[in-house]
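**Q** Below: one structure in structure tokens.
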Amino acid sequence: MSKPKIQILALGGTIATQRDASGAMQMGLGADDLVSAVPLLGELAEVHGETVSKVGSHSLSFDQIHALAIKIRGLHVDGVVITQGTDTLEETAFLLDLLLDLQIPVIVTAAMRNPALTSPDGPGNLLAAVRVACDPWVRANANGLGVLAVMLDEVYAAVEVAKAHPTRLNAFEARQTGPLAALVEDRLVPLALPLRAPIEAARKALGRLDHKGKPVALFWLGLDEPGRLVEAMLASPDHLGYGGAVLGAMGGGHAPEAMAPLLGRLAQAMPTVVAPRAGAGGPLLRKTYGGPAAEIALQAAGLIWSGRLPPLKARVLLDASLRAALSRAAIAPIFEAFG
């Protein structure tokens, strides 16, 4: 039996760093370097590597991920593994999940420990990702699983995965659902199937994303926040160049009461999404608390509820909606599908 053909697309990140003359870690390794560091890959698959970029994931752009999705659609392989930095992995994986509707596994992986440290995790994560891409259960259910993230021998749905710690080896989790599968010895153990209806509904509503949308602002609400940045955006004739906004809200969908009039005006000026700032997201309240800055009043003022999407992923979905040139009335049901 022939081995599966797996394409590795390297974007950069900690997994691809090397020391410079000063001792600092810099981007430098490409796909061939990553593949050569894991000889066991050749026993699993016919592996081909391509270096797409050499940047930290903090410097990736939405345009680059859209271009990456186009590249992946044009490949004739049995699976794709993307290596990148961990800083934005949860966002890029989710965006790729919105953009790709394929019958082959697409896996995103990375590293928390750089190659100069003792026991770097990059080679192990790359091996695990290729193993997942080759697994019969994953290949048979690829479309139903969507884009996956593989870190530290656990497999996560793109919509659920989150970076929960800035530096620890076990930085990634899916707090609401747990992993979809785990790698044990040389086998993959399936644990769950993800809920795909919201992603499928979003893809259908988004259609072609040909419009170059304006960027989406992200506001994190905290104790006694007066909303001066929102005031500045509203005072600017072009809203400082932004086309939408996401609010990382308190509790089940709350803001400081003094901001309530500003947020109502912001919702009239541009599509404005309220997402839970707590943890890895979770369904917001809809009809429990009264008052001008709680969920009942904010929804009535025209703010869009993100469902269970946390702010970072709500921003990804809103950016895609603006690229699809959708109206606020068309955007709200897309988020509604997420709970």
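**Q** If I go through the range 230-250 residue by residue, how many of them are surrounded by fewer than 16 Cβ atoms within 10 Å (Cβ to Cβ) and of a type outside the set (S, T, N, Q)?
**A** Going through the range 230-250 one residue at a time, the tally reaches 7.
**Q** Right, another one. Are any of the residues in the range 181-189 part of a loop (DSSP other than H, G, I, E, B), in contact with a strand residue (DSSP E or B) (Cβ under 6 Å, 6 or more places away or on another chain), more than 20 Å from residue 317 (Cα to Cα) and in contact (Cβ under 8 Å) with a residue 12 or more places away in the chain?
**A** No, the conditions are met nowhere in the range 181-189.
**Q** Residues of the range 317-332 being of a type outside the set (S, T, N, Q) and either crowded, with 24+ Cβ neighbours inside 10 Å or outside the structural domain of residue 243 (by TED's automatic domain parsing) (or both), which ones?
**A** 317, 318, 320
**Q** Related question: Does at least one position in the range 72-89 carry a residue that is farther than 24 Å from residue 115 by Cβ, without any contact (Cβ under 8 Å) to a residue 40 or more places away in the chain and assigned to a helix (DSSP H, G or I)?
**A** yes
**Q** A follow-up question, please. When the range 105-119 is examined, which residues are found to be assigned to a loop (DSSP other than H, G, I, E, B) and either touching a residue at least 60 places away in the same chain (Cβ under 8 Å) or under 19 Å from residue 181 (Cα atoms) (or both)?
**A** Within the range 105-119, 105, 110, 111, 112, 113, 114, 115, 116 meet the criteria.
**Q** Then there's this: Among (1) within 22 Å of the chain's Cα centre (by Cα); (2) in contact (Cβ under 8 Å) with a residue 12 or more places away in the chain; (3) in a helix (DSSP H, G or I), there is one condition residue 67 misses while meeting the rest; what is its number?
**A** Single failed check for residue 67: (2).
**Q** If you check 110, 133, 128, 93, which single one turns out to be touching a strand residue (DSSP E or B) at 6+ places or on another chain (Cβ under 8 Å), at pLDDT 95 or above and over 30 Å from residue 20 (Cβ atoms)?
**A** The unique qualifying residue is 133.
**Q** Buried (at least 18 other Cβ atoms within 10 Å of the Cβ), outside any helix (DSSP H, G or I) and assigned by TED's automatic domain parsing to the domain that holds residue 327: which single residue out of 307, 282 fits that description?
**A** 307
**Q** Follow-up question, since we're still on this one. Tally up the residues in the range 64-113 that are among the acidic types (Asp, Glu) and more than 20 Å from residue 199 (Cα to Cα), please.
**A** Counting residues in the range 64-113 that are among the acidic types (Asp, Glu) and more than 20 Å from residue 199 (Cα to Cα) gives 2.
**Q** Here's something else I'd like to know. Given the options 44, 40, 60, 29, name the one that is aliphatic (A, V, I, L, M) and in contact with a strand residue (DSSP E or B) (Cβ under 7 Å, 6 or more places away or on another chain).
**A** 29
The values are calculated or read from the model by the stated rules, or taken from the named source; none is laboratory data. Note that the coordinates shown come from a computational prediction; the quantities given were computed from them, not determined experimentally. When we count neighbours, we look across all protein chains shown, and the Cβ atoms used for this are built from the backbone with ideal geometry, even at glycine.
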